[in-house]
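Q: Structure incoming, see below.
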Amino acid sequence: VEPAWGPGSDDPGSLFRRRLGKKRTPQLHNFSAPMIGTADVFTCAAAFDPMAGGKPCMGPLKIFRSELLEGLQLNFYAKTPARPLRHLEDIRQLVIVRILIGVLQFRIISRYSSSHAPVQIDHSDSFREGCAVTSITVNADPRDWRNALACVVQEVRAVCDFGITQSEMNRYMDAMIKEAEKGVAESDAVPSEDHLNFIMTSDVFNHVVMTPEQSYVAFKEVMPHVTMDHVHTTAKWMLGFLGYFGQTTALPTTAIVVCTPTQVYEEHMQQWAPFHITEDEIVDVLLTVPDKTKLDALNQVDVPETLLDGHLERLIGANPVDALAAWRATSRKVDRDTGIVQMVLPNGAKVNYACTANESQGSMRVLVPGGRSADQLDEVGATTVGIRTLSESG
């Protein structure tokens, strides 16, 4: 039987070998930077003199105001030529981009007391734009937008200046491998519409279409070849338009879009007050953000391999598998008609669950009393490290 998928197929309709005519209307893009590996020259930002009224080289900055908005949002965009995924080198570049997005997102979130991310970062091929777009969206309280924007710019610049730590890279590489393994296991449950969109997007950007199994093998093959130098170089290329904003060698932004409310509620005055923001104020904040030192930028928490080293052996004894199997056999009931399983936990709580192939992912919420008050005197901070370990485990 002739293979219908892969380079060995002679079928002209094969998804791998099919070539479609790309007769599309040419579009002129305002690129911020060329693709890595090309002979193009980076677009240089013109030097400017603020005292003489000069402004940094950048794309248009548009401010939209609406009385229906409550929060302020700043959107920074940079266009780059799309990089076709044809070789393992291209896959490695994709891995580095995902690592940078994950590390930067978590660094910014860790500076806030809540888990609500004040920033969304993305770098992906845009089907609509016909190119790759790097977007950084900052959501802030209108009364504190300067500090929120300064926080994001400071972390972006720190990544551009000093890169990331080896611990951060290892954690996110492990998380990406687990995600790829999950994609292979759940490939049969992905809707046909998602497969179709993936194939259409790949065709537009001339990507090689691969099955989840092939993607997983490719990811594992390129992981050992990702180095800290590659990550640092890519960070400057992808994030320099914001991290080095206003500097002579900075890459210009394609566009900056700001959405603001027309008024804010002043709690101390118990009344609404008009709110106004100007382009000069935004540019001034971007140019005056202080740099982080190398010590502060790379002072990240090293997540240990385990938090229970030696504790499990003392708690469960020498035969943990046999004891666990015996407990499950006596506390687990299965309803053959519905497939629902009921398990009685050691504390008497009953948990009902069912396995199904219709859902792409499962979710579970567990509430555990404790927090920092549960730290022992000789293990101060253990709870914080544990929470960070769970949040970064992929």
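Q: Exactly one of these conditions fails for E279: (1) open to solvent by 80 Å² or more (accessible area, probe 1.4 Å); (2) more than 20 Å from E155 (Cβ to Cβ). Give me its number.
A: The number of the failed condition is (1).
Q: Could you tell me which residue of the range 140-157 is surrounded by the fewest Cβ atoms within 10 Å (Cβ to Cβ), considering only residues that are out of contact with any Gly (no Cβ under 8 Å at 6 or more places or on another chain) and among the aliphatic types (A, V, I, L, M)? So that I can check it myself, show each step before the final result.
A: Within the range 140-157, the subset out of contact with any Gly (no Cβ under 8 Å at 6 or more places or on another chain) is 143-152, 154-155.
Then keep just the ones that are among the aliphatic types (A, V, I, L, M); that gives 148-150, 152.
Working: A148: 20, L149: 22, A150: 15, V152: 25.
Only one residue fits best here, namely A150.
Q: Same structure again: Please go through (1) exposed (fewer than 11 other Cβ atoms within 10 Å of the Cβ); (2) closer than 30 Å to E168 by Cα; (3) modelled with pLDDT under 65; (4) not aromatic (F, W, Y) for A318 and return the number of the only condition it doesn't satisfy.
A: (2)
Q: Something else now. Take V208 and tell me if it is closer than 23 Å to T80 by Cβ, at pLDDT 90 or above and not aromatic (F, W, Y). Steps first, answer last, please.
A: Details: closer than 23 Å to T80 by Cβ: yes; at pLDDT 90 or above: no; not aromatic (F, W, Y): yes.
No; evaluated as a whole, the condition is false for this residue.
Q: Something else: Looking only at residues in the range 360-381 that are surrounded by 10 or more Cβ atoms within 10 Å (Cβ to Cβ) and modelled with pLDDT of 70 or more, which one is nearest to the chain's Cα centre (by Cα)?
A: Among residues in the range 360-381 that are surrounded by 10 or more Cβ atoms within 10 Å (Cβ to Cβ) and modelled with pLDDT of 70 or more, the one nearest to the chain's Cα centre (by Cα) is G381.
Q: So which helices (runs of 4 or more DSSP H) are wholly in the range 97-210 and hold at least 3 residues that are touching a strand residue (DSSP E or B) at 6+ places or on another chain (Cβ under 7 Å) and touching a residue at least 12 places away in the same chain (Cβ under 8 Å)? Steps first, please.
A: Working: elements: 145-162, 166-185, 192-204.
Fully inside the range 97-210 and qualifying: 145-162.
Q: Hey, another quick one. May I ask you to list the residues in the range 239-263 that are open to solvent by less than 10 Å² (accessible area, probe 1.4 Å), of a type in the set (A, V, I, L, M) and under 23 Å from G71 (Cα atoms)?
A: Those that are open to solvent by less than 10 Å² (accessible area, probe 1.4 Å), of a type in the set (A, V, I, L, M) and under 23 Å from G71 (Cα atoms): L242, I256, V258.
Q: Among the residues of the range 81-91, what is the count of those that are open to solvent by 40 Å² or more (accessible area, probe 1.4 Å) and within 20 Å of K178 (Cα to Cα)?
A: Number satisfying all stated conditions: 1.
Q: Further, regarding this structure: With the structure loaded, tell me whether V190 is β-branched (V, I, T) and open to solvent by less than 10 Å² (accessible area, probe 1.4 Å) or whether it fails that test.
A: no
Q: Hey, another quick one. Of the residues L69, L88, only one is within 30 Å of E267 (Cβ to Cβ) and more than 19 Å from the chain's Cα centre (by Cα); which? Working first, answer last.
A: Working: L88 fails: within 30 Å of E267 (Cβ to Cβ).
Step by step, each of L69, L88 is checked, and only L69 is within 30 Å of E267 (Cβ to Cβ) and more than 19 Å from the chain's Cα centre (by Cα).
Q: Just give me the residues in the range 334-359 being open to solvent by less than 90 Å² (accessible area, probe 1.4 Å) and among the charged types (D, E, K, R), in sequence order.
A: Correct list: D335 only.
Q: Follow-up question, since we're still on this one. Could you please let me know if A235 is closer than 26 Å to V184 by Cα, open to solvent by less than 40 Å² (accessible area, probe 1.4 Å), at pLDDT 90 or above and of a type in the set (G, A, S)?
A: Here the answer is no, as A235 does not meet what is asked.
Q: Right, something else. Among the candidates L94, L100, L88, L68, which residue alone is at pLDDT 85 or above and over 30 Å from V226 (Cα atoms)?
A: L68
Q: Quick one: would you say T134 is at pLDDT 90 or above and under 28 Å from P81 (Cα atoms)?
A: Answer is yes for this residue.
The values are calculated or read from the model by the stated rules, or taken from the named source; none is laboratory data. Quick caveat: nothing in here was measured; it's all calculated off a predicted structure. Virtual Cβ from ideal backbone geometry, glycine too; neighbours counted across all protein chains shown. Accessible surface areas use protein heavy atoms only, side chains included; no ligands, DNA or RNA. Shrake-Rupley method; radii C 1.70, N 1.55, O 1.52, S 1.80 Å.
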